[in-house]
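Participant: Okay, handing you the structure first.
The values are calculated or read from the model by the stated rules, or taken from the named source; none is laboratory data. As the structure is a computational prediction, the values presented were derived from the model and not from experiment. So basically every Cβ, Gly included, is an ideal-geometry build from the backbone, and we count neighbours across all protein chains shown.
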Amino acid sequence: MSAHTDIDAIHGDGHEHEHDDGIGHVSLKGYAIGFVLAVILTAIPFWLVMSGGFKNSSTTALVVLGFAAVQIVVHMIYFLHMNTKSEGGWNMLALIFTAVLVLITLSGSIWVMYHLNHNMMPAMMHDMQNLP
């Protein structure tokens, strides 16, 4: 008796059952697509930086950050198999919560550093002029 007939005997109806356990079906094709996208999303920013594609370095940095954000999504979908159905939506909720915390932390840190730099520089410049 094979494993397939054992399952049919347990279910009793001889039909295959699809279980929606919230995990995407893993396939070699999915991994290959993810790998190709990851390589492309790495090669393009590398080429932009090495060739000096943009005259302004801040534009280059923003483009590279954009490609990085897209690559994060590709990795989450194709390699981590995250979607709105996985684990009943709790994985997506945890991801959104983490993203909000990272955004608050980064924006708060940049805001504090900007204001420290802005408020401290005049006093430091005044002190440096009085040095012998």
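Participant: Considering M113, M121, M92, which residue is closer than 26 Å to K29 by Cβ, part of a helix (DSSP H, G or I) and either in contact with a Leu (Cβ under 9 Å, 6 or more places away or on another chain) or modelled with pLDDT under 90 (or both)?
Facilitator: That would be M92, the only listed residue that is closer than 26 Å to K29 by Cβ, part of a helix (DSSP H, G or I) and either in contact with a Leu (Cβ under 9 Å, 6 or more places away or on another chain) or modelled with pLDDT under 90 (or both).
Participant: If you check V64 against the conditions, is it more than 13 Å from the chain's Cα centre (by Cα) and at pLDDT 90 or above?
Facilitator: Criteria met by V64.
Participant: I'd like to know if segment 37-52 contains one or more residues that are loosely packed, with under 10 Cβ neighbours inside 10 Å, modelled with pLDDT of 85 or more, assigned by TED's automatic domain parsing to the domain that holds F67 and in a helix (DSSP H, G or I).
Facilitator: yes
Participant: Would you say T59 is part of a helix (DSSP H, G or I), surrounded by 12 or more Cβ atoms within 10 Å (Cβ to Cβ) and either among the polar types (S, T, N, Q) or in contact (Cβ under 8 Å) with a residue 24 or more places away in the chain (or both)?
Facilitator: Yes: the conditions hold for T59.
Participant: Here are some conditions: (1) surrounded by fewer than 12 Cβ atoms within 10 Å (Cβ to Cβ); (2) not assigned by TED's automatic domain parsing to the domain that holds F35. L65 meets all but one. Which one does it not meet?
Facilitator: (2)
Participant: Check M113, M92 and return the single one that is outside the structural domain of I44 (by TED's automatic domain parsing) and closer than 26 Å to V36 by Cα.
Facilitator: M92
Participant: With the checklist (1) exposed (fewer than 13 other Cβ atoms within 10 Å of the Cβ); (2) at pLDDT 90 or above in hand, flag the one item G14 doesn't pass.
Facilitator: (2)
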